[in-house]
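Here is the structure we will look at.
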Amino acid sequence: MIDSRDSIRRFQLAGGIGTLPPVSRRQFDTTVLHWLKAYIPPSYEQSVVLLTPRTGWVLLERAAAAVRTAYTLRAELGRGSAVDADCTTSQAVREVLRTAPLLADHTLVLARADRSTGAVRTHSHVLFPAGRRLRRGETAVADVTVHGGVTGAEPVRLPVFAGRPAADGTGAEPLTVHEVTVAALSQVRLRFVLRGPGEVELVTPQEGSAHAPRRPAAVDVPALLTRLPHRILRPPRLEVFLTVELSGADRDETQERLAFARDLLTTLSGQDASGAAIRTGAIGHYDHEIHENGYTSRRTLLLPPVPAGPAPATLTALAGWRPARREQDMASSLEDALRAVLLLVGAATGSSEDVRRVLLIVARRPPGQPRQHGIIPACPLGADWRTELGRLRSAGVKVMTRADPQTGPPPQDHPGIAARRYTDAAWAELSAEGTFRPGQDSAADVAKALVPPWRLEGPPCRLAFATPLL
């Protein structure tokens with residue numbers, strides 16, 4: 001009896017006045033009750049919520065009355081009070097459900113690596129606890145800091161569940177799976193917004209934009225939670241010592257070396273600013289003819305050594321280093337810097353912790369010899385760089401170089417040829433364990449070569465971590 005045409009049907013529901021045939025009220029009530037009995041299963045009869053129509057819809061008011069006689073209602077909501085009068089039924093139901101209390105914790109699943117064994121397990125972080133209830137139009141937020149893995153090559157996934165899932169992903173209902181990019185061994189602060197039961201959005205705090213989640217059906221959630229690495233093995237702690245030659249033919253030469261040292265320390269600081277995994281030290285050295293000022297003959301061979309510590313502290317110390325013009329091109333006080341590094345290494349040793357120590361020599365000239373030979377200046381303190389080099393290597397220090405290339409025409413006189421031969425031999429011996437080339441190997445390349453890699457046993461981890469790996 002209800003017309004299939006929308007405009008006429010609306011008119012009929014409003015009462016059916018005029019020339020249209022009236023709808024049989026009794027038959028309408030019978031049909032409504034018959035439909036309710038067929039549509040609502042017995043298990044739901046005690047959980048019926050009635051959304052009443054706007055006033056003036058006669059037949060819908062009669063249908064509501066039929067529902068009240070047939071069922072004990074859990075709740076009744078009227079348009080214009082609990083819900084907007086003009087919204088559709090589906091929108092109204094959605095808004096009503098958003099004000100319902102959470103029946104289970106809404107949980108974010110992350111990974112956690114044991115710091116002693118490296119074993120990787122899942123970790124459930126409760127974003128919004130069960131029982132949380134939102135008022136109409138209200139939202140709730142939860143800020144969480146998540147940490148990246150050891151590669152950062154792919155975005156990590158952030159599955160959200162209603163309940164606390166077991167290790168195999170069962171026992172809870174997956175709601176959404178968000179994705180976010182986190183750099184290796186870094187962290188990011190995320191904001192999750194609750195709009196109602198089962199509705200959790202990921203919002204970038206800086207931009208305020210929501211991330212489109214993946215549907216759980218499109219993601220193999222059990223595989224996501226079970227295909228974790230068995231163990232993540234931390235590399236040994238790294239200690240990098242720099243010796244930087246601060247004498248040059250002009251200011252640009254020394255500034256290039258200082259800029260490289262600062263870039264290298266900045267890169268290492270970006271990977272670990274706390275000094276928990278990467279520590280750095282530095283020594284600046286001159287040649288054998290530099291004076292502190294014009295009123296004293298006391299020579300400045302070395303700047304005060306910077307002991308091993310967090311890379312930002314070493315960067316701060318380098319800010320006070322000043323270059324000087326070199327007086328000769330044969331040798332620098334590198335041999336005294338090697339001796340000072342040995343003292344720094346001795347001060348840093350003593351614990352049973354596994355530590356990888358590297359000395360990187362950033363210079364142009366080779367070290368001086370303990371005694372005068374030809375035109376190569378002798379060390380004023382009589383230090384033998386070969387002896388100091390042997391001690392460093394015996395102490396487990398890997399010695400590497402970044403030496404400026406030789407420029408200018410080759411010497412023709414016998415003293416010059418002998419000096420060039422000594423220079424080549426000295427750099428070959430100092431570079432036996434590795435060398436980097438100015439202008440070709442960037443600070444990022446050098447840092448990548450120096451930092452020992454992490455090791456994974458098993459597949460890569462696609463979950464974000466609850467705690468930092470360092």
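The values are calculated or read from the model by the stated rules, or taken from the named source; none is laboratory data. All values derive from a computational prediction rather than experimental measurement. Neighbour counts run over all protein chains shown; Cβ positions are idealised from the backbone, glycine included. All accessible areas refer to the heavy atoms of the entire protein, side chains included, with ligands and DNA or RNA removed. Shrake-Rupley method; radii C 1.70, N 1.55, O 1.52, S 1.80 Å.
One table, with the values for the structure above:
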{"read-out": "Span from the segment 256-284 Cα centroid across to the segment 1-74 one, whole angstrom", "value": "76"}
{"read-out": "Computed over segment 70-210, Kirkwood Rh from alpha-carbon pairs, angstrom", "value": "17.1"}
{"read-out": "Solvent-accessible area of residue 95 with every protein chain in place, 1.4 Å probe, in Å² to the nearest 10", "value": "70"}
{"read-out": "Principal axis dimensions, largest first and in whole angstrom, of the chain by Cα", "value": "124, 43, 38"}
{"read-out": "Solvent-accessible heavy-atom area per residue, rounded to whole Å², over segment 38-133 at 1.4 Å", "value": "58"}
{"read-out": "Globularity ratio of segment 30-87, using Cα Rg and 2.2 N^0.38 Å", "value": "1.15"}
{"read-out": "Solvent-accessible heavy-atom area per residue, rounded to whole Å², over segment 378-439 at 1.4 Å", "value": "53"}
{"read-out": "Extension reserve of the residue 412-residue 372 stretch, reckoned as 0.36 nm per residue once the Cα distance is removed", "value": "12.3 nm"}
{"read-out": "Extension reserve of the residue 90-residue 199 stretch, reckoned as 0.36 nm per residue once the Cα distance is removed", "value": "37.7 nm"}
{"read-out": "Point-to-point label distance, residue 249-residue 420, nm (Cα→Cβ direction, 7 Å offset)", "value": "1.4"}
{"read-out": "Pairwise FRET efficiency - residue 223 versus residue 393, Cβ, R0 = 56 Å, nearest 0.05", "value": "0.70"}
{"read-out": "Value at 222 nm in deg cm²/dmol, rounded to 500, when DSSP H runs of n ≥ 4 in the chain each add -39,500 (n - 2.57)", "value": "-8500 deg cm²/dmol"}
{"read-out": "Inter-site label distance for residue 36 and residue 51 at 7 Å from Cα along Cβ, in nm", "value": "1.7"}
{"read-out": "Semi-axes of the equivalent ellipsoid for segment 364-430, Cα gyration tensor, largest first, Å", "value": "23, 16, 8"}
{"read-out": "Sites residue 386 and residue 454, calculated FRET efficiency, Cβ-Cβ separation with R0 45 Å, nearest 0.05", "value": "0.80"}
{"read-out": "Semi-axes of the equivalent ellipsoid for segment 43-145, Cα gyration tensor, largest first, Å", "value": "43, 16, 9"}
{"read-out": "Percent breakdown of C-alpha pair distances by 10 Å bin, ordered from the shortest bin, for segment 395-470", "value": "13, 29, 24, 18, 8, 6, 2"}
{"read-out": "Excluding exposed DSSP-loop trypsin sites (Lys or Arg not before Pro) (at most 13 other C-beta within 10 Å), longest clean stretch of the chain", "value": "137-297"}
{"read-out": "Gyration tensor verdict on segment 336-470 (Cα atoms; rounded if a/c is under 1.5, prolate if a/b is larger than b/c, oblate otherwise)", "value": "oblate"}
